[in-house]
Amino acid sequence: MRMNSHLRKAACFALAASLAACAPARMVREPLPTLSAQELAQAQSRQQAHEAAVAATPDWSLQGRVALSNGRSGGSGGIEWSQRGANYDVALSAPVTRQSWRLSGDAGAARIEGLEGGPRSGGDAQTLLRETTGWEIPVAALSSWVRGARADENAFGAATLSYAADG
């Protein structure tokens, strides 16, 4: 059975239209509305108060989920982080692969466990992670970032903050 040319064209058009409908729509983001000077001052004041509260709370912990990617490899899993002043203990677990790692230390030393070949130690967590896993993670900044504060300006440069319409 042969299709006539009109029916064939209609079928091709319907197929093309169906495929086009599957393509992701381009999202055009509207620029954020600017805050008035008073609203901006209030948002900055709230951020400063938050950062003061974070600085006054050196002992904290969190549990949650994490996703990591470096462009070549990645994964997701659970995270448990306990911070007692300069001492930290971060446990990552990937339930799918049943792998787990533990990074612990303080301002002068770091130790990572769960790697093939046994635990390894070093002078700082960022260098140790880069050397053992290839992951470039700004460990010293994460303690501030996960709590919604800016990292130490001397170590990472000045942060640039911007505020949405709701402050």
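The values are calculated or read from the model by the stated rules, or taken from the named source; none is laboratory data. Predicted model, so just to flag it, every value in this text is computed and none were measured. Note: ideal-geometry Cβ built from the backbone for every residue, glycine included; neighbour counts use all protein chains shown. Just the protein is used for accessible areas: all its heavy atoms, side chains included, with ligands, DNA and RNA removed. Shrake-Rupley method; radii C 1.70, N 1.55, O 1.52, S 1.80 Å.
Just wondering, is there one or more residues in the range 125-141 that are in contact with a Gly (Cβ under 8 Å, 6 or more places away or on another chain), within 29 Å of A55 (Cα to Cα) and not polar (S, T, N, Q)?
Yes.
Kindly provide the set of residues from the range 111-167 that are open to solvent by 70 Å² or more (accessible area, probe 1.4 Å) and among the hydroxyl-bearing types (S, T, Y), ordered by number.
S121, T160, S162
Enumerate the pairs (first residue in the range 41-61 and closer than 13 Å to G167 by Cβ; second residue anywhere and hydrophobic (A, V, I, L, M, F, W, C) and open to solvent by 70 Å² or more (accessible area, probe 1.4 Å)) with beta-carbon separation below 8 Å, excluding pairs fewer than 6 apart on the same chain, so at least 6 apart or on different chains.
Pairs found: Q44/L161; Q47/L161.
Is it true that R98 is open to solvent by 50 Å² or more (accessible area, probe 1.4 Å), modelled with pLDDT of 80 or more and of a type outside the set (V, I, T)?
Working: open to solvent by 50 Å² or more (accessible area, probe 1.4 Å): yes; modelled with pLDDT of 80 or more: yes; of a type outside the set (V, I, T): yes.
So R98 passes the test.
Restricting to the range 137-167, count the residues that are under 18 Å from R46 (Cα atoms) and of a type in the set (F, W, Y). Walk me through how you get there before you give the answer.
Step one: filter the range 137-167 for residues under 18 Å from R46 (Cα atoms), giving 144-151, 159-167.
Next cut, of a type in the set (F, W, Y) only: 145, 163.
Matching residues across the range 137-167 total 2.
Condition test on L35, is it of a type outside the set (G, A, S) and either assigned to a helix (DSSP H, G or I) or over 23 Å from the mean Cα position of the chain (by Cα) (or both)?
Numbers: of a type outside the set (G, A, S): yes; either assigned to a helix (DSSP H, G or I) or over 23 Å from the mean Cα position of the chain (by Cα) (or both): yes.
Here the answer is yes, as L35 does meet what is asked.
Identify all residues within the range 140-161 that are in contact (Cβ under 8 Å) with a residue 24 or more places away in the chain and under 15 Å from Y88 (Cα atoms); write none if there are none. Write out each step before concluding.
Our first condition is that a residue be in contact (Cβ under 8 Å) with a residue 24 or more places away in the chain; within the range 140-161, this holds for 143-144, 146-150, 161.
Passing the criteria: S143, S144, V146, R147.
It is to be established whether one or more residues within the range 65-85 are of a type in the set (A, V, I, L, M) and open to solvent by 80 Å² or more (accessible area, probe 1.4 Å). Explain how you work it out, then say what you get.
Narrowing the range 65-85 to residues of a type in the set (A, V, I, L, M): 66-68, 79.
Next, only the ones that are open to solvent by 80 Å² or more (accessible area, probe 1.4 Å) stay: 67.
Checked against the condition, which is being of a type in the set (A, V, I, L, M) and open to solvent by 80 Å² or more (accessible area, probe 1.4 Å), the range 65-85 yields at least one hit.
Looking at G114, is it on the phi > 0 side of the Ramachandran plot, of a type outside the set (D, E) and free of Cβ contacts under 8 Å to residues at least 24 places away in the same chain?
Values: on the phi > 0 side of the Ramachandran plot: yes; of a type outside the set (D, E): yes; free of Cβ contacts under 8 Å to residues at least 24 places away in the same chain: yes.
Yes; evaluated as a whole, the condition is true for this residue.
If you scan the range 49-82, which residues turn out to be of a type in the set (G, A, S) and not in a strand (DSSP E or B)? Outline the logic, then answer.
Initially, the range 49-82 is screened for residues of a type in the set (G, A, S), giving 49, 52-53, 55-56, 61, 64, 67, 69, 71, 73-78, 82.
Matches in the range 49-82: A49, A52, A53, A55, A56, G71, S73.
Take L92 and tell me if it is at pLDDT below 85, of a type in the set (A, V, I, L, M, F, W, C) and in a strand (DSSP E or B).
no
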